[in-house]
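Readers should treat all values here as calculations from the given coordinates under stated rules, not as data from a laboratory. The model shown is predicted, which means the values in this text are computed figures rather than measured ones. Cβ coordinates were reconstructed from backbone atoms using ideal geometry, including for glycine residues, and neighbour counts include every protein chain displayed.
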Amino acid sequence: MQPYNTSELSKRKIGKREVHCFHPGEENIDLETVQSFGEEWLKFNAFSAEEIKSAGDQYFDIVTEKELNDSSYVLDLGCGSGRWTKYMASKSKFIEAVDPSHAVFSAIQAYNDLDNVRFTQAGVDTIPFNDNTFDFVISLGVLHHIPDTEKALTSLIRKLKPGGHALIYLYYALDNRGFLFRFIFNVSTLVRRVVSKLPHALKQFICDLLAICIYLPLIGLSKLVKAIVPGKLHMKIPLVYYRDKSWNIIRNDALDRFGTPLEQRFNKVQITSMLKAAGMSIVRFSENEPYWHVLAQKK
Ligand SMILES: C[S@@+](CC[C@H](N)C(=O)[O-])C[C@H]1O[C@@H](n2cnc3c(N)ncnc32)[C@H](O)[C@@H]1O
């Protein structure tokens with residue numbers, strides 16, 4: 001663990017630990033979105049070990065021990081509830097888990113037992129560590145919620161050592177989907193624009209309704225199609241990704257999808273070009289959901 005390279009703006013004691021706060025002060029940030037996530041993660045911070053393992057295995061399907069191992073100093077940017085920090089803790093030497101929202105305060109309580117983790121309240125512009133510090137960085141589901149995604153990616157990669165690896169997940173632009181799928185998605189985006197502006201309690205209620213009325217029936221349909229139609233037709237049904245996910249994760253993701261004010265989407269070509277511009281070479285894109293997650297190496 002490295003010392004911070006700048007003084008914090010404030011500190012907050014949570015149990016026996018102190019969280020150092022470097023937020024606010026970022027420029028490349030959408031404060032409404034950060035507040036929304038702070039509220040979201042206060043509610044959804046209790047993922048079971050099985051939920052974390054099975055969802056984590058999907059994101060980390062392209063990572064091997066060569067890239068992440070017990071000598072890796074890791075940065076988890078936009079750690080939210082801290083679930084991927086928890087996932088990586090036994091596979092890493094030390095993890096700096098960073099998020100500008102209040103999520104860090106509940107994450108530290110949930111994962112108080114992890115000795116090789118430090119939670120810090122900071123955003124991508126205020127990461128309090130020197131450049132070229134980390135062996136491995138992850139940012140899963142974060143950079144598309146930041147106004148200038150490319151700039152944020154470049155700032156993150158600066159913290160990575162040459163030769164180090166980054167695992168990035170950015171919402172896909174449905175570039176591997178057909179017309180109907182995209183049409184349904186565009187309708188859902190209109191719904192998001194309205195729902196994301198509601199006060200938190202109402203937003204949560206509507207997102208739960210959407211989870212019950214849209215997610216669950218589509219998941220059921222995909223299971224039915226799988227049972228009666230041979231082949232992969234069921235994989236074309238929207239939200240099939242959630243077929244083996246818990247209700248907790250479905251509710252959380254419905255809130256994520258419909259409750260977040262700022263979300264951007266990128267196709268594989270755009271992601272490749274942003275990573276290359278940040279000085280990375282692509283190691284591999286996963287061909288599996290969630291799309292797109294990619295492993296890249298700093299030159
Ligand atoms: C969808 S959540 C993902 C959390 C976590 N990575 C996960 O997958 O469970 C997005 C996170 O990005 C954080 N975030 C938003 N703007 C940010 C910024 N400018 N810098 C760093 N993190 C940011 C939010 O606070 C939120 O916790």
Checklist outcome for this item: Per the 1/(1 + (r/R0)^6) rule, R0 = 35 Å and r from the Cβ atoms of A277 and I228, FRET efficiency to 0.05 is 0.15
Item to check | GluC sites (Glu not before Pro) within region 21-124, DSSP loop, no more than 12 other Cβ atoms inside 10 Å | outcome: E27, E65
Checklist entry - 222 nm [θ] for the chain, helices only, -39500 (n - 2.57) per DSSP H run of 4+, per residue, to 500? => result -11500 deg cm²/dmol
Next on the checklist: Given N residues in the chain, what is its alpha carbon radius of gyration divided by 2.2 N^0.38 Å?
Outcome noted: 0.98
Item to check | Which of S71, Y59, V142, positive extreme of dipole for the chain (C-beta unit charges) | outcome: Y59
Next on the checklist: Can you order the peptides 191-200, 85-94 by their average number of other Cβ atoms within 10 Å per residue, highest first?
Outcome noted: 85-94, 191-200
Checklist outcome for this item: Listed with the fewest Cβ neighbours within 10 Å leading, K299, K276 appear as K299, K276
Checklist entry - Taking Cα atoms, how many degrees apart are the long axis of helix 49-59 and the longest axis of the chain, rounded to 10 and kept between 0 and 90? => result 90 degrees
Checklist outcome for this item: Quick note on C213, C207, C21, ordering by fewest other C-beta atoms within 10 Å, gives C213, C21, C207
Checklist entry - Where in region 210-256 are there trypsin sites (Lys or Arg not before Pro) that are in a DSSP coil and have at most 16 other Cβ atoms within 10 angstrom of their Cβ? => result K232
Checklist outcome for this item: Rounded to two decimals, the Rg over Rh value of region 179-259 from Cα coordinates and the Kirkwood Rh reads 1.01
Next on the checklist: Quick check for me: using +1 on Lys/Arg Cβ and -1 on Asp/Glu Cβ, what's the dipole size of region 179-259 about its Cα centre, in debye to the nearest 20?
Outcome noted: 200 debye
Next on the checklist: If neighbour count is taken as other Cβ atoms inside 10 Å, put H293, H102 in order from fewest to most.
Outcome noted: H102, H293
Checklist entry - In percent, what relative contact order does region 1-84 have, based on Cα pairs under 8 Å that are 6 or more apart in sequence? => result 25 percent
Checklist outcome for this item: Per principal axis, largest first, the Cα atoms of region 81-156 extend in Å by 35, 26, 19
Item to check | the chain: angle of helix 200-210 to the longest principal axis, Cα-based, in degrees nearest 10 | outcome: 40 degrees
Checklist entry - Once both axes come from the Cα atoms, what is the angle between helix 247-259 and the longest principal axis of the chain, in degrees from 0 to 90, rounded to 10? => result 80 degrees
